[in-house]
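See below for the structure under consideration.
The values are calculated or read from the model by the stated rules, or taken from the named source; none is laboratory data. Source: prediction; values computed, not measured. Here the Cβ is made from the backbone with ideal geometry for all residues, glycine too, and neighbour counts use every protein chain on show. For accessibility, only protein heavy atoms count, side chains too; no ligands or nucleic acids. Shrake-Rupley method; radii C 1.70, N 1.55, O 1.52, S 1.80 Å.
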Amino acid sequence: MGPGFDSFGFAVDLKNELVLERGAFQIEIFGEGELSLPKDETNAIIGAVRDGYAAIFPNEALPMEDIKFTCINRIPPARGLGSSSAALVAGLSAGLALAGQDLSAPQTKQLLLQLAADAEGHPDNVAPAIYGGFQVSINTGLPGVRKWVTQAIKLPKGMQAVLFIPEFESLTSETRAALPKTIPVADAVFNISRAAMLINSFATDNFEALRYACQDVIHQPIRGAAFPLKELIDAALSKGAHGAFLSGAGPTVLALTGGHGSDVNGDTMATFLAVEVADAMLAAAEQNDCAGRAVISQPSATGVACHKEDANTEW
């Protein structure tokens, strides 16, 4: 999220669902990635379910051959929207639930954060996937469940997130490998100052500063070199977006609009402005031969949730 590389992240209302049922092993995928994601045990969700279960019962194997998996995906894969983190958190959560853990309990979520952040190596995507909202996360360097810590930042009422999602995919592993191992002090100061301003902008509802607070010099220039990132950001700002940045490792570009207390469900003004920004980003993309689509979403205050049912469950 802008200058908060590997630390800042917030959840939007694009959510995947994972359904586990008794039955012969099978993976069904509907929606995003249904033609490209593996439907065998190489699917990342399977390993995550095993790991979640093993966190509680390390010496007991989970009988995967007796579980049918159904994935309902709304998050496009390999676009910088956290699809792999969502899959990881969903799988780990399912494994913990199968081991009898209550996912609404704070201590279970704390364990889930440790497992997920350890697996990813950074907490910026998994923390909002678990807790929802805008999360700032750090590695304390302490052992066990005290290693990864996250803190929620206030989300303004009525804020919307305009996403320009390019057609092409980008693997985080490849874009991360292209980043430098060291950075100049001036670049570190640039990002630190803007990260602080970004937090203050949300905390005080002072969105006028976001056009500067969302800037980054550490990863965006490298990850955005292959497509018109600057042009897309400039187009969004020209139509009134508070700020815009590369979402995750990209290539999705996220622009922030609204948030001044307007009711997205009660009037059309906030959405009108979001559509203006979306149209501008689409036009800029077309002018620069970058095929893609625009999606208007909202920050989500809720993270992962588990619903259990059996033959006696009432709907």
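Pull up segment 172-187, narrow it to residues that are part of a helix (DSSP H, G or I), touching a residue at least 24 places away in the same chain (Cβ under 8 Å) and among the β-branched types (V, I, T), then point me to the one that is least open to solvent (accessible area, probe 1.4 Å). Result: T175.
Within segment 138-167, the set of residues being of a type outside the set (A, V, I, L, M) and touching a Lys or Arg at 6+ places or on another chain (Cβ under 9 Å) comprises N139, T140, G141, F164, P166, E167.
Of the helices (runs of 4 or more DSSP H) lying entirely inside segment 33-152, those carrying at least 1 residues that are under 21 Å from S300 (Cα atoms) are 83-98, 106-120, 126-131.
Look at segment 1-17: where a residue is over 15 Å from A305 (Cα atoms) and open to solvent by 50 Å² or more (accessible area, probe 1.4 Å) and a partner is in a loop (DSSP other than H, G, I, E, B) and charged (D, E, K, R), sitting 6+ places away or on another chain with Cβ atoms under 9 Å, you get F5/D124; F5/D216. Of the residues making up segment 238-257, just one is outside any strand (DSSP E or B), under 12 Å from the mean Cα position of the chain (by Cα), at pLDDT 95 or above and not β-branched (V, I, T), namely S247.
Taking the options I130, I165, name whichever one is aliphatic (A, V, I, L, M), closer than 20 Å to V304 by Cα and surrounded by 15 or more Cβ atoms within 10 Å (Cβ to Cβ). Explain how you work it out, then say what you get.
On the way: I165 fails: closer than 20 Å to V304 by Cα.
So the residue among I130, I165 that is aliphatic (A, V, I, L, M), closer than 20 Å to V304 by Cα and surrounded by 15 or more Cβ atoms within 10 Å (Cβ to Cβ) is I130.
Residues that are at pLDDT 95 or above, in a loop (DSSP other than H, G, I, E, B) and buried (at least 17 other Cβ atoms within 10 Å of the Cβ) do not occur anywhere in segment 266-281. Quick one: which of A55, A99 is touching a Phe, Trp or Tyr at 6+ places or on another chain (Cβ under 7 Å), at pLDDT 95 or above and among the small types (G, A, S)? Criteria check complete, one pass: A99.
Looking only at segment 192-221, residues that are part of a helix (DSSP H, G or I) and open to solvent by less than 10 Å² (accessible area, probe 1.4 Å) come to 6 in all. Contact annotation: residue pairs with Cβ atoms under 8 Å, 6 or more positions apart or on different chains, pairing a residue in segment 49-78 that is touching a residue at least 60 places away in the same chain (Cβ under 8 Å) with a partner that is surrounded by fewer than 18 Cβ atoms within 10 Å (Cβ to Cβ) and of a type in the set (D, E), are P77/E169; A78/E169.
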